[in-house]
1. Any idea what the relative contact order of region 103-198 is, in percent, if you count C-alpha pairs under 8 Å spaced at least 6 apart?
2. What is the sum of charges, Lys and Arg at +1 and Asp and Glu at -1, for the other residues whose Cβ falls under 12 Å from the Cβ of GLY116?
3. Per-residue counts of other Cβ atoms within 10 Å, averaged by peptide: what ranking do you get for 78-89, 32-43, 407-418, 331-342, highest first?
4. Summing -39500 (n - 2.57) over the DSSP H runs of n ≥ 4 in the chain and dividing by its residue number, what mean residue ellipticity at 222 nm do you reach, to the nearest 500 deg cm²/dmol?
5. In percent, how large is the relative contact order of the chain, given Cα pairs closer than 8 Å and 6 or more residues apart?
6. Could the peptides 391-402, 348-359, 215-226, 154-165 be put in order, highest first, of the mean number of other beta-carbon atoms found within 10 Å of their residues?
7. What ³J(HN,Hα) values, in whole Hz, does the Karplus curve 6.51 cos²θ - 1.76 cosθ + 1.60 give for region 331-346 when θ = phi - 60°, with x put for Gly and Pro?
8. Ranked by Cβ crowding within 10 angstrom, fewest neighbours first, how are HIS282, HIS61 ordered?
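No value in this document is a laboratory result; all are computed from the given coordinates. Because the structure is predicted, anything quoted here is derived from the model rather than measured. Cβ coordinates were reconstructed from backbone atoms using ideal geometry, including for glycine residues, and neighbour counts include every protein chain displayed.
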Amino acid sequence: MPGIAIVGAQWGDEGKGKITDLLAERGDAVVRFQGGNNAGHTIVREGVEWKLHLIPSGILHPGKTCVIGNGVVIDPKVLIDELEALRARKVDVSGLRISANAHLIMPYHLLLDSAGEAKLGSLQIGTTRRGIGPCYADKAARLGIRVQDLLDEKILKKKIVAAMEPKRLSLRPFEKDPSLDLKAMTEEYLTYGHQLERHIADTSKLVWEILDAGAMVIFEGAQGAMLDIDHGTYPFVTSSNPVAGAACIGAGVGPRAIDEVWGVSKAYTTRVGAGPFPSELHDDVAEQIRTKGGEFGTTTGRPRRTGWLDLVALRYAARLNTLTALSITKLDVLSGFDRIQVCTSYKGAEGAEFDDFPYHQTVLHHATAELTELPGWTEDIGECRSMSDLPAAAVDYLRFIEEHLRVPVTLVGVGPGREQVIWTEAGNETLLSPSASRRPVGAG
Ligand code: GDP
Ligand code: IMO
Ligand code: MG
């Protein structure tokens, strides 16, 4: 029963959507297990772009089961719009299943997210303002409203009243906001329930059945390790756990269901929103990377902060996730730089050197990147399809990363298109490689 987790190893936007879509070809089901529509996952097929926020990146493969697991927070309006947009583009969405236990983003969560940011002023996190934090807060406070509640008017109304009661004070500025009217909100959400009903299921059981049949399940992460609420750069993080361990909780399977953990990292680093970023650049190189890499948020359109690859943070992510494989995306964006720099350690405020990611917030906030310089290459690599097609300096760069992390690089992205990848020798040893043999479904 092979289960494979695909997770972001940086601050999100590593190219998880592209890698998941590619690997889903060999999977039978794709499961999102955390986050919400703060995620923006891009897939480019034959020059056509697809942006997904809630629906798993396996949806473009006809006949695959796509699951929104219990660990995801769902804005039902966004989900319905996403479904409609896919249907309009002739995508078969009948394989989508939504956990009845997933929590719902409510209108007050959106208002509280923005109000919370406004209150923080210059200390704001730079959230996507999609209501993610307030929704997870209600889940933990046991005041959440779940997908199953959409199917019972009486329960839904009661739960909305109970959830809004403790928020009365903070919602006072929005008293006149029509989205907060109890009757209108209940009716709106009941309508969503009707629209989504055919997709609602016991997804934990469903995923188990797929695994038990010997089929391949891909667990698709959103965000990245450095945005993890427990292990990331708190408080500048999201409100869920994007690390692989959360795949179990957010999908409802045990740890033994996961056989491989694939981390995805760009060949450099980006971050959207506020918070520490030791290898951040503020010069021409930063702008060159941003322009060449198209580094603008998929969800909010904000320019992404850019910097050299941070191997201290990446090694930390490799440990947190027990990565068995690493996909390096956007290597093509580094073509044309004479020299490439890589952050191999941090220097603290008092000059202390850190090889490992510091746990202390104050240290991290003052840490600067110690850089190692490597030779660059000038060739356009967008057409390379094997390691031997790559310039020697690009191969050396990948080897340097591998040696530093002690995780094999299995897949290399050389352009946004789904065909623009290189499978390495190590990649061919993995369960998902195009050359790997596999058990037929039902053989488990
Ligand atoms: P995700 O959130 O991790 O799925 O990543 P995003 O979709 O938010 O951002 C990644 C961006 O990089 C998207 O615009 C992708 O189309 C693009 N992309 C992915 N892999 C590559 C690659 O290897 N090269 C280039 N140039 N672009 C890539
Ligand atoms: P994908 O899945 C990049 C960032 C926000 C902000 C912080 C908290 O596309 O990689 P939130 O709205 O989650 O409360 O915001 O997290 N953030 C992301 N950054 N990619 C994402 O998702 C992100 N999802 C949230 O910018 O700094
Ligand atoms: Mg993204």
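1. Numbers: 93 pairs, mean separation 29.0, N = 96.
Once normalised by length, the contact order is 30 percent.
2. Values: positive: LYS119, ARG129, LYS167; negative: ASP113, GLU117.
Charge balance in the 12 Å sphere: +1.
3. Values: 78-89: 15.5, 32-43: 26.6, 407-418: 22.3, 331-342: 19.1.
Top to bottom by mean Cβ count within 10 Å: 32-43, 407-418, 331-342, 78-89.
4. Taking each H run of at least 4 residues, the total per residue is -9000 deg cm²/dmol.
5. Details: 1006 pairs, mean separation 89.1, N = 444.
The normalised contact order for the chain reaches 20 percent.
6. On the way: 391-402: 17.3, 348-359: 12.4, 215-226: 28.2, 154-165: 15.2.
Ranked from most to least packed, the peptides come out as 215-226, 391-402, 154-165, 348-359.
7. Calculated HN-Hα couplings, in order: 4, 4, 5, 7, 4, x, 8, 4, 10, 10, 10, 9, 7, 10, 7, 10 Hz.
8. Values: HIS282 10, HIS61 18.
With the sparsest Cβ surroundings first, the list reads HIS282, HIS61.
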